[in-house]
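The values are calculated or read from the model by the stated rules, or taken from the named source; none is laboratory data. Please read these numbers as outputs of a predicted model, since none were measured by experiment. As a convention, Cβ positions derive from the backbone with ideal geometry for all residues, glycine included, and neighbour counts pool all protein chains shown.
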Amino acid sequence: MSKPDNRNNHWLPRRLMRGFADAQGMLWRADLSASAQDMFKRMGYKTASSERGLYPDALEDALSIQVENAFNHHVLDRLEARESLHLDDALPAITDYVIAMRTRVHAGLDLVRQELPGVASRLRERMGRELDQAGQLAPENHDQLEAFREAADREFERHLQDSTDIWHGTMLPNMLPLSRAHLPKMCWTVLDVPVHMQLLIGDVPVLRTEQGLAAPQGAVVLPISSRMALRATNEPRPWFTRRPIRNTELRDINRTTIAQARRYIFFLHKEKWIAKYLRELRGVPAA
């Protein structure tokens, strides 16, 4: 990817964030890095989850065209209209969207930075062995092989110093093949929230269990509005169902959103229980 441009990039899509805003387009944002007095801010959804120059403009456009548009058309719009989903269209759209929502946020860059040194070390070792073998088979190519080794080492170091290019690459379709292969096999449920309750969404929007995606108890949850969440499990039942959310499920999802958030949490209504969960789960003092 090229160097990020100067556009205002949305690490949570505007269409998604609209589902957490009121009729005037306003929502609440809790900033976990702020003081208790300054933590809560009322703002418009269009700029609540954006940052200037975060991605190249071409990547923002690709995410919109290749990922967001399909999900909005085949999944989100149909769910809001209470229409049934078509398997052939919905499953690829959900898969691409969930992966992009996991990787496009700042926590996705954190994960790349955490995992990259180990990946680079393993690749370097494998490349070194292959170059050594090539040198033994063709000693006359020693100088060229060593030049290649030095160039590859420089490239490894460049990415270890600045891994944003690799981070950007993880967002697009056809990346993360293991997750991409497993997500369509999971059982997906739409959980509907009563009108007097609400779901939160954080800057780590894809909530996962500690067991791992493919484990028997593995699960994925993605709030897609204050009134709906997508949930996937490895239970042996039909691929798609829709039902009202249970009170315990709503509580657990909101608590997990707060617990797993990196910095920001967004919601429609500022309610007392949100501050209570922030104190319990993140140690936020009362204002």
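Listed values, structure above:
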{"item": "Scope region 142-172; condition part of a helix (DSSP H, G or I) and in contact with a Gly (Cβ under 7 Å, 6 or more places away or on another chain); matching residues", "result": "HIS142, LEU145, TRP167"}
{"item": "Scan of region 185-209 for residues that are at pLDDT 85 or above, surrounded by 14 or more Cβ atoms within 10 Å (Cβ to Cβ) and assigned to a loop (DSSP other than H, G, I, E, B), ordered by number", "result": "MET186, VAL193, MET197, GLN198, LEU199, LEU200, ASP203, VAL204, PRO205, VAL206"}
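Listed here are the residues, each with its yes/no results for (1) over 21 Å from PHE20 (Cβ atoms); (2) at pLDDT 95 or above; (3) surrounded by fewer than 14 Cβ atoms within 10 Å (Cβ to Cβ).
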{"site": "ARG42", "(1), (2), (3)": "no, yes, yes"}
{"site": "HIS73", "(1), (2), (3)": "no, yes, yes"}
{"site": "ALA107", "(1), (2), (3)": "no, no, no"}
{"site": "GLN114", "(1), (2), (3)": "yes, no, yes"}
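Here is a yes/no grid of residues against (1) farther than 23 Å from PRO223 by Cβ; (2) touching a strand residue (DSSP E or B) at 6+ places or on another chain (Cβ under 8 Å); (3) in a loop (DSSP other than H, G, I, E, B):
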residue: ARG82; (1), (2), (3): no, no, yes
residue: ALA90; (1), (2), (3): no, yes, no
residue: ALA93; (1), (2), (3): no, no, no
residue: ASP96; (1), (2), (3): no, no, no
residue: ALA107; (1), (2), (3): no, no, no
residue: GLN114; (1), (2), (3): yes, no, no
residue: GLY118; (1), (2), (3): yes, no, no
residue: GLU125; (1), (2), (3): yes, no, no
residue: ARG129; (1), (2), (3): yes, no, no
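Table: residues versus (1) closer than 26 Å to ILE274 by Cβ; (2) within 15 Å of the chain's Cα centre (by Cα); (3) part of a strand (DSSP E or B).
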{"site": "GLN211", "(1), (2), (3)": "no, no, no"}
{"site": "PRO216", "(1), (2), (3)": "no, no, no"}
{"site": "LEU222", "(1), (2), (3)": "yes, yes, yes"}
{"site": "ARG231", "(1), (2), (3)": "yes, yes, yes"}
{"site": "PRO238", "(1), (2), (3)": "no, no, no"}
{"site": "ARG243", "(1), (2), (3)": "yes, no, yes"}
{"site": "THR248", "(1), (2), (3)": "yes, no, no"}
{"site": "ASP252", "(1), (2), (3)": "yes, no, no"}
{"site": "ARG255", "(1), (2), (3)": "yes, no, no"}
